[in-house]
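Next up is a structure, given as structure tokens.
The values are calculated or read from the model by the stated rules, or taken from the named source; none is laboratory data. Note that this is a predicted model, so its numbers are computed, not measured. Neighbour counts are summed over all protein chains in view; Cβ atoms, including those assigned to glycine, are modelled from backbone coordinates with ideal geometry. These accessible areas exclude ligands, DNA and RNA; they are computed on the full protein's heavy atoms, side chains included. Shrake-Rupley method; radii C 1.70, N 1.55, O 1.52, S 1.80 Å.
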Amino acid sequence: MKDKRFENLCLYILTLLLIGTSTHAQLPQSTDSLALYLKKAPKDTNYVKALNDYSWKMVEQGNYSLADSLAKQAEALAVKLQFQAGEYSSYNVLGRSAYMQGTYPKALKLYEKSLELVKKYSLSLPNLQGALVNVAMINQLSGNNAKALDFALQSIKVYESNHLPKMTGSPYDVAASVFALQGKSDLAIKYFKQSLAIKTKDNNYRGMAVSANRIGGTLNQLGKYKESLDYLKRAEQYAEKIGYKQVLGDILINQSSAYRSLEQPKENLKALKKAEQISIELNIPHQVGAVYGNLGLYYQSQKQYQPAEEYLQRALKIFKEVSSLEYQGYLYQALTELFVEKNDFKSAFQNQKEAKLINDSLFNETQHARMDELNAKFESEKKEQQIKLLQQSAIINEQKLTQNRFLLAGGILLLLLAGAVAAWLLNRARLQRLREALELRNKIAADLHDEIGSTLSSISLLSGLTEKQMIANQPQKAEQLIHKISQDSRQMLESMDDIVWTINPRNDSMSTLLTRLREYAKPLAESKAIDLKFVVSPETESTTLTLNVRQNVYLIVKEAINNLFKYAQATEAEVEFGKKGKSLEVIIKDNGVGFDPKKVSTRNGLTNMHERAAAIGAELAINSAPESGTTLSLVIPV
């Protein structure tokens with residue numbers, strides 16, 4: 001009887017093993033063997049896996065329509081079979097296809113869906129890490145740099161904190177690319193090299209090619225062209241070793257930039273023509289656009305302005321179609337410099353304005369602060385995690401000690417913990433001071449860029465146009481331009497004075513803010529014959545504001561007063577500072593002609609006022625109607 005039971009048990013175990021083997025059978029690897037497998041295999045979960053693998057290979061070959069069709073079939077079958085990992089993989093393939101075709105908004109939606117599925121179904125940590133980096137990559141390409149950095153750092157955290165054996169995608173590369181765009185080249189190089197080290201350890205030649213290429217591109221930006229070429233040639237070897245043509249095109253484009261800067265035109269053109277052939281063959285729009293942009297720069301360096309402009313415009317058209325703001329900004333700047341060389345200052349000025357608008361949208365003050373905050377938080381969490389690991393290690397060591405050494409071990413542990421906590425507290429305080437200093441530096445830099453940079457660019461271009469008008473013996477036009485330069489100069493001096501005033505610690509009190517506003521408003525009120533009153537409650541005088549809050553309150557109130565004098569046609573006005581609960585409230589009202597807020601133009605800076613209020617967590621309300629005056633209320637938490 002026992003023998004019979006044993007025999008039945010053996011048969012049962014054998015059956016389970018056979019079922020497990022068939023369920024997790026090794027799938028074919030090559031394109032042809034996958035195609036053959038799909039013709040004969042039953043439509044089970046292995047079929048879904050094979051279909052997704054084959055779709056991925058079609059994406060790599062540039063056959064996007066077939067890849068999309070097969071991936072959609074795989075997704076439908078995965079849903080039917082309730083095969084959650086297969087459903088996630090299908091969206092991953094569709095996202096990759098959209099990315100390769102340059103349709104970034106579509107790619108972002110598909111990658112966000114794959115991330116949603118990972119979280120919904122609690123799929124594996126490698127899937128989560130890969131889904132996060134895909135969303136990060138598309139955000140970075142679309143110009144959403146703060147989001148890109150957020151998702152990239154989340155992906156790195158999943159990889160590092162869980163000690164994953166292999167890394168999916170390139171989260172370090174995405175974070176490094178954002179740092180490079182911020183001008184933090186040293187930090188960018190650090191992250192790129194971390195990525196290259198991980199991929200070299202994994203023998204991941206695809207990843208090694210990508211990271212070495214990006215290190216080369218960043219070194220180009222730093223002007224280290226020979227060092228850049230060393231990395232780019234290594235990247236080329238990695239890509240050619242595995243036939244990775246998609247990144248080979250990017251590598252050749254970066255090589256051409258280095259050759260152009262080293263004044264080696266033959267090598268420059270050779271690299272670009274090879275890159276053009278690859279990108280057109282694989283039908284990769286953003287890569288074709290990058291090639292055309294660099295061909296434009298090549299012909300400009302050869303003083304062949306007509307083909308230079310044609311290639312730059314073709315590149316700009318492509319990057320508008322794929323919604324890549326970053327490259328649009330580069331191309332508008334390149335066109336500006338081309339038109340300056342051609343002495344076409346009107347076109348140069350127009351392109352300079354477009355470049356500035358895009359640059360401001362990519363990196364406004366809020367985005368800079370958000371990205372610095374994300375990086376500081378990430379580094380702080382890494383330090384805290386290291387301290388936790390130290391604490392855990394100390395506890396484990398304590399448990400292993402013999403009982404007769406318990407007191408000694410306990411004392412050592414307490415010392416270690418005290419030291420770790422002290423180090424953590426010191427590091428945290430130091431990090432906070434560094435963050436505050438960095439925020440102040442970034443704020444000053446952003447203000448100087450926004451307020452002064454555009455005005456200097458305008459003055460520079462207008463000066464060039466004035467010189468041209470004088471040479472053409474057109475003094476009236478030249479006089480108009482000189483008048484405009486004078487206005488811009490006065491505006492720039494006023495902006496500089498405001499920036500210097502706001503960062504001076506002597507001006508931290510409320511009384512200095514009120515004095516500054518009175519000094520600005522009184523002469524204007526007298527010139528317009530407006531009866532202007534300042535009303536300040538006694539408890540308001542003792543209020544202390546941080547630098548950021550004080551600056552934004554000053555600029556909002558100044559803009560409101562400026563609008564009052566320009567547009568209100570008022571005879572009476574009042575500026576009141578008081579308390580509303582625990583908040584500071586500023587009310588500015590007049591008896592002027594009023595306006596319809598829904599129909600107001602952008603000239604009065606209302607958008608800037610609302611953005612500044614939001615930046616400090618304040619509430620801004622404007623009540624006005626034609627012929628009924630205007631009342632502005634600003635409530636600031638203090």
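What's the total number of residues in segment 188-209 that are touching a residue at least 40 places away in the same chain (Cβ under 8 Å) and either among the hydroxyl-bearing types (Ser, Thr, Tyr) or closer than 21 Å to residue 157 by Cα (or both)?
1
Filter segment 197-209 down to the residues that are of a type in the set (A, V, I, L, M) and either closer than 15 Å to residue 148 by Cβ or modelled with pLDDT of 90 or more (or both) and list them by number.
Residues satisfying the conditions are 197, 208, 209.
Could you tell me whether residue 314 is modelled with pLDDT under 90, assigned to a helix (DSSP H, G or I), closer than 26 Å to residue 340 by Cα and open to solvent by 50 Å² or more (accessible area, probe 1.4 Å)? Walk me through how you get there before you give the answer.
Values: modelled with pLDDT under 90: no; assigned to a helix (DSSP H, G or I): yes; closer than 26 Å to residue 340 by Cα: yes; open to solvent by 50 Å² or more (accessible area, probe 1.4 Å): yes.
Spelling it out, it is not the case that residue 314 is modelled with pLDDT under 90, assigned to a helix (DSSP H, G or I), closer than 26 Å to residue 340 by Cα and open to solvent by 50 Å² or more (accessible area, probe 1.4 Å).
Among the residues that make up segment 281-288, is at least one of them in contact (Cβ under 8 Å) with a residue 12 or more places away in the chain, open to solvent by less than 50 Å² (accessible area, probe 1.4 Å) and acidic (Asp, Glu)?
So in segment 281-288, the residues in contact (Cβ under 8 Å) with a residue 12 or more places away in the chain come out as 281-288.
Then keep just the ones that are open to solvent by less than 50 Å² (accessible area, probe 1.4 Å); that gives 282, 284-288.
Narrowing the set further to residues that are acidic (Asp, Glu) leaves none.
Checked segment 281-288: no residue is in contact (Cβ under 8 Å) with a residue 12 or more places away in the chain, open to solvent by less than 50 Å² (accessible area, probe 1.4 Å) and acidic (Asp, Glu).
A further question follows. Within segment 210-221, count every residue that is buried (at least 18 other Cβ atoms within 10 Å of the Cβ) and touching a residue at least 40 places away in the same chain (Cβ under 8 Å).
Matching residues across segment 210-221 total 8.
When you check residue 553 against the structure, is it of a type outside the set (Lys, Arg), modelled with pLDDT of 80 or more, farther than 28 Å from residue 569 by Cβ and crowded, with 16+ Cβ neighbours inside 10 Å, yes or no?
no
What pairs can you find where one residue is in segment 133-146 and at positive phi, the other is open to solvent by 10 Å² or more (accessible area, probe 1.4 Å) and among the hydrophobic types (A, V, I, L, M, F, W, C), and their Cβ atoms are less than 6 Å apart, with a gap of 6+ or different chains?
Between residues of segment 133-146 that are at positive phi and residues that are open to solvent by 10 Å² or more (accessible area, probe 1.4 Å) and among the hydrophobic types (A, V, I, L, M, F, W, C), the close pairs are 143/325; 143/362.
Cβ-Cβ distance below 8 Å, separation of 6 or more or different chains: which pairs start in segment 510-536 with a residue that is within 13 Å of residue 576 (Cβ to Cβ) and end on one that is hydroxyl-bearing (Ser, Thr, Tyr) and modelled with pLDDT of 85 or more?
From residues that are within 13 Å of residue 576 (Cβ to Cβ), the pairs are 517/554.
Can I ask one more? Out of the residues in segment 39-48 that are open to solvent by 10 Å² or more (accessible area, probe 1.4 Å) and not aromatic (Phe, Trp, Tyr), state the one that is nearest to residue 124 (Cα to Cα).
Ranking the candidates gives 45 first.
Restricting to segment 112-132, give me the number of residues that are open to solvent by less than 30 Å² (accessible area, probe 1.4 Å) and either more than 20 Å from residue 53 (Cα to Cα) or touching a Leu at 6+ places or on another chain (Cβ under 9 Å) (or both).
Selection size over segment 112-132: 7.
Just to be sure before I move on: is residue 608 within 21 Å of residue 532 (Cα to Cα) and either open to solvent by 40 Å² or more (accessible area, probe 1.4 Å) or free of Cβ contacts under 8 Å to residues at least 12 places away in the same chain (or both) in the structure I sent?
Against the criterion (within 21 Å of residue 532 (Cα to Cα) and either open to solvent by 40 Å² or more (accessible area, probe 1.4 Å) or free of Cβ contacts under 8 Å to residues at least 12 places away in the same chain (or both)), residue 608 does not qualify.
Which of the residues that make up segment 545-585 are within 16 Å of residue 610 (Cα to Cα) and in a strand (DSSP E or B)? I'd like the intermediate steps shown before the answer.
Here is the first cut: in segment 545-585, the ones within 16 Å of residue 610 (Cα to Cα) are 548-563, 585.
Answer for segment 545-585, where residues must be within 16 Å of residue 610 (Cα to Cα) and in a strand (DSSP E or B): just 585.
Checking the conditions here, which among 240, 263, 227 is among the acidic types (Asp, Glu) and under 28 Å from residue 96 (Cβ atoms)? Spell out how you get there, then give the answer.
Working: 263 fails: under 28 Å from residue 96 (Cβ atoms); 227 fails: under 28 Å from residue 96 (Cβ atoms).
Checking each option against the conditions leaves just 240.
Residues being of a type outside the set (Val, Ile, Thr) and either more than 21 Å from residue 521 (Cα to Cα) or at pLDDT 90 or above (or both): count how many of those fall in segment 595-609.
Number of matching residues: 6.
Which of the residues belonging to segment 264-287 are out of contact with any helix residue (DSSP H, G or I) (no Cβ under 8 Å at 6 or more places or on another chain) and part of a loop (DSSP other than H, G, I, E, B)?
Passing the criteria: only 264.
Of the residues 579, 566, 528, which single one is among the basic types (Lys, Arg), surrounded by fewer than 17 Cβ atoms within 10 Å (Cβ to Cβ) and over 43 Å from the mean Cα position of the chain (by Cα)?
528
Sticking with this one: Residue check: is residue 238 on the phi < 0 side of the Ramachandran plot, assigned to a helix (DSSP H, G or I) and open to solvent by less than 60 Å² (accessible area, probe 1.4 Å)?
Considered against the rule, which asks whether it is on the phi < 0 side of the Ramachandran plot, assigned to a helix (DSSP H, G or I) and open to solvent by less than 60 Å² (accessible area, probe 1.4 Å), residue 238 comes out as yes.
Another question, if that's okay. If residue 574 meets every condition in (1) among the acidic types (Asp, Glu); (2) in contact with a Gly (Cβ under 9 Å, 6 or more places away or on another chain); (3) surrounded by 15 or more Cβ atoms within 10 Å (Cβ to Cβ) apart from one, which number is that one?
(2)
While we're on this one: Return the residues of segment 49-85 that are touching a Phe, Trp or Tyr at 6+ places or on another chain (Cβ under 9 Å), open to solvent by less than 20 Å² (accessible area, probe 1.4 Å) and within 24 Å of residue 121 (Cα to Cα); say none if nothing qualifies.
50, 71, 74, 78
Among the residues of segment 319-341, which ones are assigned to a helix (DSSP H, G or I) and within 21 Å of the chain's Cα centre (by Cα)?
Within segment 319-341, 319, 320, 321, 325, 326, 327, 328, 329, 330, 331, 332, 333 qualify.
To continue, here is another question. Among the residues of segment 611-628, how many are surrounded by 13 or more Cβ atoms within 10 Å (Cβ to Cβ) and over 26 Å from residue 513 (Cα atoms)?
2
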